[in-house]
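Here is the structure we will look at, set down as structure tokens.
The numbers here are math on the coordinates, done by the rules we state, and not lab data. Predicted model only: the values in this text are computed from it and were never measured. So basically every Cβ, Gly included, is an ideal-geometry build from the backbone, and we count neighbours across all protein chains shown.
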């Protein structure tokens, strides 16, 4: 009587081999292996301010810069820079396509 072969499936984090490994951004992969044979792997990459790394224990870390913005003023950048700190208390006039005119950005009286 012969015993059936036992296959064990593993999930690894690293560079795509059948072991957990330390990686840097752009090189992190999640790998599926049966015994020691790699069946498939997918890359996990960050872009911009986001990085993806793994350590030799298989821990994947996704890190990104948390950007916060303050309120915009005429001298401080926020999501926009205001042309004036003057609050607009009357309804805005509809913009036109007349050349050689520039309009500053203002907030309304509620900020």
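Remarks
- Ordering 12, 69 by the number of other Cβ atoms within 10 Å of each residue's own Cβ, fewest first, gives 69, 12.
- Burial order of peptide ranges 44-56, 71-83 (average beta-carbon count within 10 Å, highest first): 44-56, 71-83
- Label-point separation, residue 76 to residue 32 (7 Å along Cα→Cβ), nm: 5.2
- Descending principal axes extents, the range 8-66, alpha-carbon based, whole Å: 40, 18, 13
- Scattering profile of the range 68-111 at q = 0.17, 0.18, 0.31, 0.32 Å⁻¹ [log10 I(q)/I(0), Debye over alpha-carbon scatterers]: -0.55, -0.61, -1.11, -1.13
- Overall Cα dimensions of the chain, principal axis frame, Å, largest first: 92, 27, 26
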